[in-house]
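Presented below is the structure to which this report refers.
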Amino acid sequence: MKSIVLLIFFYSVVCQGQDIRSDLKQINRNYYQNPNCLFYKVKILYYDVLDPSDIYDSLAAKYYKQNLNIYMDLDEMEMLLNEEYHIIADNKYKNLLVSKNAIQKPTNYSLDIIDTLIFSNNYSIKLVNVDNSTVEILLSFENSVVMDSAIIKYDKNNYFINELILYYKHSGIFHQEDFEFFKPVIHIHFIEQKFITYQPELFHIDRYVLKQDSQYVGKGKYKNYTVNQN
């Protein structure tokens, strides 16, 4: 009888893990493979795992993605990535960096972990909580030298992420070697997200610069910016 109970328990755990991996693939399709224009707004907090109340840094970000085109508005920074260009606008110091063919595969930055996870088996999954349609899972990384674990809270109805909490093993990856015992946490709150009508002008380099004598110069609200190109 005990053997049967243990077998049933083991089977339920395996099936649970398979279901969650299937959910992760659905999440990946939402953020990476959906042909529609995706918009989301997030708040990102950065703190030490031992003192979550002491926020080391925070920022708000807006994100648009259409196939290989990405536009991000991060507080005083803007980033535009398409198949030909990578542009960074520093609105505080009025600088523009224009790189041609700078990127082969666009990145979701904070969401890269989802894309990585579905191609990896180097983590264990634990179901933490289910509250109506909201699912909370814990991913533990056995062999990673960077990541310790991650908590993902997502909506089972639409496979959008509500919260993503990333626990890192050391502060060196953030160039903060002085904080010897600092174990960083990046906590991402998804405030709003939806699929919207495609806006081609949002992803075009002409929003920022025009070419004069083979050199780029700022235009519109960026006309007084210093432009660097490589």
Legend entry - Count - residues of segment 5-33 that are of a type in the set (S, T, N, Q) and modelled with pLDDT of 80 or more: 4
Inset, instruction - Test each condition in (1) at pLDDT below 80; (2) at positive phi for L50 and report the one that comes out false. - result: (2)
Inset, instruction - Taking the residues in segment 39-76 that are of a type in the set (D, E, K, R) and under 19 Å from K169 (Cα atoms) as candidates, determine which candidate is nearest to the chain's Cα centre (by Cα). - result: D57
Legend entry - Scan of segment 46-104 for residues that are in contact with a Lys or Arg (Cβ under 9 Å, 6 or more places away or on another chain), touching a residue at least 40 places away in the same chain (Cβ under 8 Å), over 15 Å from R207 (Cβ atoms) and surrounded by fewer than 17 Cβ atoms within 10 Å (Cβ to Cβ), ordered by number: V49, L50
Inset, instruction - Those residues that are modelled with pLDDT under 90 and in contact with a strand residue (DSSP E or B) (Cβ under 9 Å, 6 or more places away or on another chain), I need them from segment 144-166; list them, please. - result: S144, V146, M147, D148, S149, A150, L166
Legend entry - Top-ranked residue of segment 167-213 - restricted to ones that are modelled with pLDDT of 85 or more and assigned to a loop (DSSP other than H, G, I, E, B), ranked as surrounded by the most Cβ atoms within 10 Å (Cβ to Cβ): Y208
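The values are calculated or read from the model by the stated rules, or taken from the named source; none is laboratory data. For clarity, every value in this text was computed on a predicted model and none was experimentally measured. Methodologically, a virtual Cβ is constructed for each residue, glycine included, from the backbone with ideal geometry; neighbour enumeration extends over all protein chains shown.
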